[in-house]
Amino acid sequence: MKSVEPKVFLVGETKINSKGLQAYLDYLGVPNWETDAPSDSEKIVEVMGRLCYRSFEPGLNPNVTKVRQGNKPYIEHIIEVGHGSVLEHAYLNFIFADVSRVVTHELVRHRAGTAISQESLRFVRLETLSMYIPTHIRENEEGMEIFVRTVEEMERLQKELSSLFELDKHPFELKKQITSGLRRIAPMGVATTMGWSCNLRTLRHVIEQRTDPSAEEEIRLLFSNVFSIVRNHFPNVFGDYETEMVNGIAWVKTKHKKV
């Protein structure tokens, strides 16, 4: 058995098509419009927001005589007034490694604005069982002994059954069938890998929900790690958050909920 903690990798995000955006700005009559957005994701949020009111500069819309300059104050206003739909235009792609099926089963509840790909234990053979060990178990000597002993026995059974069915002697289609059978005695806490993509509006909501002290410990740790990445990468979208440490994990909260 191997003890692990969830790991977060931001592997992709929205990228501006500069030629296409410039063509739109030329068409609109503001060819020199610029923004100080620190990322393409925050830039596309600003563009999509400004087009709603034609507020790239004063005069484009006769009703608009003054516009907010700069990406930070613009997005701060969007968040303050709850104009969250424009945050849906920016998409991020994560890989979560060493996360349990406990976590992945919780995450499928957040369907709106997400895309999910998960490591298939029908194809991937389990031998070493990696697992996150919750604090209450780690801090109890007897509980830890029972936990480790149980997982090691399940690990032994995986290897014993693989040997019994001589997995390496069969064609892939039969290997797949047998591997699918063996996963049925794998614990729900076994560590796996998930690809998880979402828009910025969804991510704000999930961070708020899943770092809350009432959430499951491992998923709290996962999304506190997600927040530590996006807070620095997208400072204008996540600048309104405050953190409070609860049981060693950050509780990420804001007064602008459900943007």
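If you take the residues of segment 214-229 that are of a type in the set (A, V, I, L, M) and over 24 Å from Ile78 (Cβ atoms), which of them is surrounded by the fewest Cβ atoms within 10 Å (Cβ to Cβ)? In this case the residue turns out to be Ala215.
Across segment 170-182, which residue is surrounded by the most Cβ atoms within 10 Å (Cβ to Cβ) among those that are part of a helix (DSSP H, G or I) and out of contact with any helix residue (DSSP H, G or I) (no Cβ under 9 Å at 6 or more places or on another chain)? Spell out how you get there, then give the answer.
Initially, segment 170-182 is screened for residues part of a helix (DSSP H, G or I), giving 172-182.
Now narrow it down to the ones that are out of contact with any helix residue (DSSP H, G or I) (no Cβ under 9 Å at 6 or more places or on another chain): 172-173, 176-177, 180.
Details: Phe172: 9, Glu173: 7, Lys176: 15, Gln177: 12, Ser180: 13.
Across segment 170-182, the extreme among qualifying residues is Lys176.
Within segment 50-70, which residues are assigned to a loop (DSSP other than H, G, I, E, B) and surrounded by 13 or more Cβ atoms within 10 Å (Cβ to Cβ)? Show your work before the answer.
Residues of segment 50-70 assigned to a loop (DSSP other than H, G, I, E, B): 54-70.
Within segment 50-70, Arg54, Ser55, Phe56, Glu57, Leu60, Asn61, Val64, Val67, Arg68, Gly70 meet the criteria.
Scanning segment 230-259 for residues that are crowded, with 20+ Cβ neighbours inside 10 Å and not in a helix (DSSP H, G or I) yields Phe234, Asn236, Val237, Phe238, Ile249, Ala250, Val252, Val259.
Residues of segment 197-213 that are surrounded by 17 or more Cβ atoms within 10 Å (Cβ to Cβ) and either outside any helix (DSSP H, G or I) or at pLDDT below 95 (or both): Ser197, Cys198, Asn199, Thr211. The set of residues from segment 194-213 being out of contact with any Gly (no Cβ under 8 Å at 6 or more places or on another chain) and farther than 16 Å from Arg231 by Cβ comprises Met194, Gly195, Trp196, Gln209, Asp212, Pro213.
Among the residues of segment 214-229, are any in contact with a strand residue (DSSP E or B) (Cβ under 8 Å, 6 or more places away or on another chain), of a type in the set (Gly, Ala, Ser), in the same structural domain as Lys7 (by TED's automatic domain parsing) and part of a helix (DSSP H, G or I)? Yes - at least one qualifying residue is present in segment 214-229.
In segment 9-24 there is at least one residue that is outside any helix (DSSP H, G or I) and of a type in the set (S, T, N, Q). Inside segment 1-33, residues that are surrounded by fewer than 16 Cβ atoms within 10 Å (Cβ to Cβ) and over 18 Å from Asn61 (Cα atoms) make up a count of 18. Within segment 126-145, the residues that satisfy the criterion of being surrounded by 12 or more Cβ atoms within 10 Å (Cβ to Cβ) and farther than 12 Å from Val190 by Cβ are Ile133, Pro134, Thr135, Ile137, Arg138, Asn140, Gly143, Met144.
The values are calculated or read from the model by the stated rules, or taken from the named source; none is laboratory data. The structure presented is a predicted model; accordingly, all values stated were derived computationally and were not measured. A quick note on method: Cβ atoms are made from the backbone with ideal geometry, for glycine too, and the neighbour counts reach across all protein chains shown.
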